[in-house]
Every structure is written in structure tokens, then in C-alpha cells.
Amino acid sequence: MASGIASDVNSRSVTSSVKSSSGHAVILLPLVLHLECFDLYRLETGGPLATDQQNCSDAAAASLGAEVVPLAQRAAREPTLCSSVDVLSGVKVLKLLHSHRACDSLIRESYQRSRVPLLPHKILDDILRSIREVLDQIPLDGLERHLGQVSTRIFENSSHPLVPSHRSMTAEEYVSLFTGERLRWEAVGNVFAVAGRALVATPGDDPLFIESRLPAHSTLLSQISEASDLCLSFCTRASCSNELLVSLQVNDLMLKTQQHGDSSYQAWRRLGDLSATVYFSGLHNHGQEDDSDPVFLAQMKRGCFAAAFYVDKCVATFLGRPPLLNYRHCSLVLPLDLSDDVLVADSSSLAKAIEELAPGGWDPQRRAHRTSLVRIRLLLAVFKAKVVESTAAPYNHETLPKANHVLEEAQSSWEQCPDCLRYDRLKHDETDSHFDANTFTIMPIYLDFLHSRFLLLQYVAQHASESRGAFLETARQILATVVEATRYRVSKIDLSRDYSWITLYYGVPSATVLAQELHRSRRAREGPPAQFPTAETIRNLCVFLSNLSWVVSPTHGDYQFCKDAQRRLSQMVDEILEPTSSPPADTIALDEPLDPMLEWLDYGNLEFGPVMFG
């Protein structure tokens with residue numbers, strides 16, 4: 001660089017031309033230099049700069065097996081196009097990881113609490129280990145200067161496309177493309193987002209906060225969430241779309257719904273960014289075979305798409321908004337039901353395991369894997385997408401046959417699921433004596449299946465009376481399951497948000513429908529439909545009302561909604577138990593036709609719990 005740049009200690013913009021190691025001139029775009037804070041911005045010539053995506057991927061592939069130079073040293077001598085503001089923000093992110101190991105502990109705790117992580121544990125462990133190796137070699141003397149050098153290099157790495165060099169690439173070789181000397185912001189961001197989601201489910205009095213001398217729960221959550229935000233912004237400016245970025249966006253979206261509520265602008269914008277990344281990267285059209293990807297990577301991409309598709313349909317269903325990922329424009333290929341150990345094993349072991357799969361791609365021994373739940377969620381998400389499409393169309397003579405076909409398809413898919421992942425197949429004594437976080441993971445899947453049936457049958461029952469019995473039975477099953485869910489407690493996990501959204505999302509609509517039916521039948525002096533368990537329904541309604549008094553903390557964003565639901569349902573149940581000739585003026589009209597969307601339920605103010613999405 002020109003000597004004038006090094007001698008100027010004031011912040012200013014410069015444009016300079018240097019020569020790369022190949023001898024070609026490289027133009028460095030204007031950079032705002034803050035040399036009074038750091039001297040790391042004295043850019044020197046170093047390794048070659050790729051000028052297009054193909055050169056970037058070739059350089060990354062060629063670097064496998066090349067001489068390894070410490071990351072800080074490489075960053076100090078190679079040019080970069082990131083701004084000083086970005087580098088300073090990167091230092092802030094890295095300092096949070098360097099100052100304590102809370103993220104490491106939280107992520108490893110999450111392994112025991114969640115059965116549906118987006119990334120295999122081995123890949124996440126490799127990312128954590130790589131970050132520690134990079135940070136632990138930095139001396140405390142001049143810490144911020146060295147962190148700035150690392151930040152600069154990570155920006156350089158993140159500006160290159162993440163492309164596998166050959167189809168026979170192993171999982172270890174793939175991980176090396178975004179760890180160690182090639183560490184990327186997508187990898188760092190996933191650490192923060194996963195740790196943040198785990199922190200939401202960690203009680204404030206957990207020994208982790210005492211033993212590790214961590215900040216207060218709320219303070220640490222804010223710091224981790226901000227770090228995840230920064231990593232996402234770095235990736236957005238790098239404009240390199242890949243499966244790691246999709247994983248980061250899904251995890252960060254779930255973190256934002258738990259912080260701000262699922263109807264918040266922050267969460268909705270994240271969902272829009274996620275759908276854009278899925279489409280841009282081509283994950284929506286990842287078919288049966290992709291000759292350019294190793295088998296394990298193809299399966300990983302399918303899993304990332306499945307997670308994004310599932311989240312999109314959940315938000316669309318609950319908030320009454322159109323899905324952003326249209327199922328008719330997606331290939332919807334299920335990931336194979338393989339364990340993570342098999343996925344990252346050698347190619348011959350993986351090929352053998354694939355050959356032994358049962359028809360449909362399921363584990364022949366019906367064992368539960370991480371990908372098993374991913375498969376089920378994608379199947380349910382497709383069901384949701386068809387329900388949303390059906391209920392948005394005007395009712396006509398073709399609606400009922402089409403709805404019945406959708407219900408039959410969904411039931412067939414549900415029957416294919418392994419018994420160990422079906423809450424309706426668990427024995428009652430098993431749920432009493434062995435209830436844990438795994439059980440609380442599969443319960444929402446069952447409720448999700450019932451809820452989609454509920455929405456479609458509700459729409460059809462408005463016009464076809466023959467569907468009313470099936471609709472009420474589905475509502476009864478949902479309410480019974482919700483009441484059962486609130487009886488359980490899981491040690492060392494804060495499930496308060498899970499109890500609240502299960503109660504409000506699933507319980508309130510079904511309870512409202514059942515209360516309306518009981519009131520209507522009594523006012524009409526006729527019995528409820530055959531097979532309708534009146535006594536059980538009244539008992540569950542009373543228990544459910546009691547749960548509404550405690551299930552939501554006053555600090556939660558949906559507290560007021562819960563109180564409103566409790567008041568309205570109390571009026572309905574009182575009118576059923578002690579009918580009056582003239583109900584209170586503010587009581588909702590119990591004998592009106594069923595509202596197809598139960599509009600008084602303001603779903604827009606609710607918060608998803610941490611277990612719902614894994």
C-alpha cells in the first residue's frame with residue numbers, strides 16, 4: 001500500500017491499487033480507516049483474490065491440503081473488501097465468544113432437549129471446536145487488534161461461495177470449507193442462534209449462570225441475539241447463499257419469535273429473507289439426485305429446506321397469512337431416514353445404509369433419528385399447505401371430494417410414521433412415567449396433525465353437515481391432548497412458552513368450538529352428535545379454564561390475550577352449566593354459526609415456544 005495510508009492516523013476514505021501475488025493489479029474499493037483504534041487495517045498484499053464465483057470455488061478447492069498459515073497472520077497480510085465498521089462489528093461478535101463459553105455449554109445442553117436440530121451434532125461440534133482453536137491461540141496482549149485480524153479474514157472467507165469441490169468429498173472435507181482457516185460468518189452465526197434458542201428454554205436459576213459467572217439471563221439473551229443479528233447482516237452483504245445460511249436464518253427466526261412474538265415485524269421480515277434465500281439457492285427444487293453434491297450434503301440440504309418449509313406453513317396457518325414458499329413450486333423430496341452417524345460415515349457405509357432402507361425411505365427397524373422428525377414435519381407441512389389452499393378457495397361442488405382426498409392423504413402419511421414418534425401410539429402409563437423433552441417434542445407434532453385436520457374440517461362443516469361429527473371429534477382430541485400436556489413437567493427446562501402456545505394456539509380454538517356445540521345442543525333441546533362424550537368434554541373444559549389462569553406469565557407478550565380468552569370461555573361454560581334466559585351483553589353469541597377463523601382469537605400477538613420447532 002502507499003506509505004501515505006499507513007502514516008495517516010485520521011479516519012478517511014482511500015482508494016488504492018496494489019498487486020496480488022500473481023502480479024495482477026487489484027483495485028481496493030474505498031475503505032473508511034479508523035487507524036487510531038486499530039492498526040490492523042494496514043492492508044498488505046497477500047494471497048490471490050478471486051475475481052468471480054468460479055475462481056472463488058476453484059481457489060477454495062485448491063486450498064485443500066495447502067500449507068496452513070495461522071488465521072491471524074493470513075488476515076494481517078491479505079487484502080479485504082470489508083469496511084472498517086464491519087470489522088469492528090465482527091470484533092464485537094468474536095469478543096462475546098472469547099469472553100466466556102456460554103454458547104458451548106448451551107449448545108451441548110440443547111442436544112439433550114431437542115431432537116430436531118437443523119445441523120447434525122457432529123458438524124455443530126466441529127464448528128465449536130474450530131472457533132475455540134482459533135480464539136484460544138490469540139494472546140491477551142493486543143486482544144482487540146488480533147480479533148480484528150481474525151474478523152477481517154472471516155469476512156474474506158465469507159465472500160467466497162461455499163461450493164463442494166467434488167461429489168466424493170467427505171463430511172470432514174466439507175466441514176473444512178467453513179471452519180479453521182476458512183471460518184465463515186454463517187458458521188459463527190449458527191452457534192449464536194442455536195445457543196440463543198437453548199437459552200430461552202434454560203431457567204434463570206440454572207447452575208450454568210452461577211458456575212460460569214454469566215450475565216443475567218435477559219442480558220445474555222440480548223447479547224446472543226444481537227450477535228446472531230450481526231452475523232446475518234454480514235452474510236447478507238456477502239451475498240453468498242448456501243445451506244448454512246438457511247440453517248442460520250431458520251434458527252434466528254425461531255429465536256426472534258421467542259423474543260418478540262411470532263407476529264412481530266422482526267420475525268416476519270426474517271421469514272421473508274428465509275424464503276428468498278431458499279429460492280435463490282435452489283433448495284426448493286433439490287430433486288431426487290443432484291450429481292454436483294455428495295450424498296450427505298444432498299440430504300443436509302433437503303433437511304434445511306424441510307425446516308424452512310415447515311416454519312413457513314406454521315406461521316401462515318396460525319397468522320392467517322399466505323405462505324411464502326408455494327408447495328407447487330417445490331420438489332418436496334423427503335430426506336432419507338438415516339442417523340447422523342451414518343450420514344457422515346464413509347461412502348460405502350452410507351451407500352449400504354441407503355440400500356437397506358424400507359420403501360418410502362424409512363428406517364427398516366423403525367428407529368427414531370433426527371431426520372425422522374424432519375421427514376414427519378415436511379409431510380405435515382405439505383398437508384398444511386394443501387389445507388391453506390383449500391380453505392382459501394370459494395366453496396363449490398368439488399370442495400368436499402377434494403377435502404376428503406387431502407384428509408386421506410394426510411392420514412396415510414401419518415400412518416407411515418414410526419410408532420415411537422407418534423404421541424397417539426404411546427401408552428398412557430408410558431407418558432406418565434417416562435415423560436421427558438423427547439415426549440414434549442413429539443406431542444406438538446401430533447397436535448399439529450390434528451390442527452390441520454381441524455382447520456379443513458371446520459371449513460367443510462360450514463357447508464356439509466355430514467362433516468360436523470368428524471370436526472367435533474377432532475376438536476375433542478385436541479382439547480384432551482392439550483389438557484394432558486399441561487400435567488407434565490420436565491426438569492431443567494423452562495417450558496412456560498411452550499405451555500402458553502400449546503394452550504392458546506391449539507386449546508382455545510378447540511375449546512371454543514366444543515363449548516359452542518354444547519351450548520347449541522342444550523338451547524335446541526337436542527343431544528349432541530352420536531359418540532360425542534359430553535361428560536368428558538365438560539370436565540376438560542373446566543380443567544382447561546383453570547389452566548388459563550396460570551399457564552401464561554404476566555411477562556409474556558400473550559398474557560393479555562390469555563386473560564381475554566379465559567374471560568370469554570368462562571362466560572360460555574357458565575352458560576352451559578347454568579343457562580340463563582338473557583346472557584350478559586358482552587358474551588359472544590354462542591348460538592351463531594361457527595366462525596371459520598374464530599376471529600376473536602388474536603393469533604397475531606402470540607409467541608411460539610422453543611420446543612415447537614425443535
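The values are calculated or read from the model by the stated rules, or taken from the named source; none is laboratory data. None of these values were measured; they are calculated from a predicted model. As a convention, Cβ positions derive from the backbone with ideal geometry for all residues, glycine included, and neighbour counts pool all protein chains shown.
Quick notes on this structure:
- Helices (runs of 4 or more DSSP H) (entirely within the range 145-217) containing at least 3 residues that are among the small types (Gly, Ala, Ser): 185-200
- Filtered residues of the range 241-265 (kept if among the polar types (S, T, N, Q), part of a helix (DSSP H, G or I) and crowded, with 19+ Cβ neighbours inside 10 Å): Ser247, Gln249, Asn251, Thr257, Gln258
- Residues of the range 550-595 classified as at pLDDT 85 or above and among the polar types (S, T, N, Q), total: 3
- Residues in the range 310-342 that are under 19 Å from the mean Cα position of the chain (by Cα), among the basic types (Lys, Arg) and outside any loop (DSSP other than H, G, I, E, B): Lys313 alone.
- One residue from Thr277, Thr257 being β-branched (Val, Ile, Thr) and touching a Phe, Trp or Tyr at 6+ places or on another chain (Cβ under 9 Å): Thr257
- Scanning the range 353-378 for residues that are assigned to a helix (DSSP H, G or I), of a type outside the set (Asp, Glu) and over 15 Å from Arg302 (Cα atoms) yields Ala353, Ile354.
- The condition (being basic (Lys, Arg), buried (at least 16 other Cβ atoms within 10 Å of the Cβ) and modelled with pLDDT of 80 or more) is satisfied by just one residue among Arg520, Arg497: Arg520.
- Condition check for Thr152: modelled with pLDDT of 95 or more, under 23 Å from the mean Cα position of the chain (by Cα) and among the hydroxyl-bearing types (Ser, Thr, Tyr): no
- Residue ID - surrounded by the most Cβ atoms within 10 Å (Cβ to Cβ), chosen from residues in the range 172-231 that are farther than 23 Å from Ser89 by Cα and charged (D, E, K, R): Asp206
- Filter pass, Arg108 being touching a Lys or Arg at 6+ places or on another chain (Cβ under 7 Å), at pLDDT below 95 and surrounded by fewer than 22 Cβ atoms within 10 Å (Cβ to Cβ): no
- The range 363-389, subset crowded, with 24+ Cβ neighbours inside 10 Å and β-branched (Val, Ile, Thr), residue farthest from Tyr459 (Cα to Cα): Thr371
- Sub-6 Å Cβ pairs linking a first residue in the range 136-154 that is assigned by TED's automatic domain parsing to the domain that holds Lys95 and crowded, with 24+ Cβ neighbours inside 10 Å to a second residue that is of a type in the set (Val, Ile, Thr) and assigned to a helix (DSSP H, G or I), at least 6 apart or interchain, are Leu147/Val91; Gly148/Val87; Gly148/Val91; Ser151/Val87; Ser151/Val91; Thr152/Val87, ordered by first then second residue.
- Members of the range 343-352 found to be within 28 Å of the chain's Cα centre (by Cα) and part of a helix (DSSP H, G or I), listed by number: Leu343, Leu350
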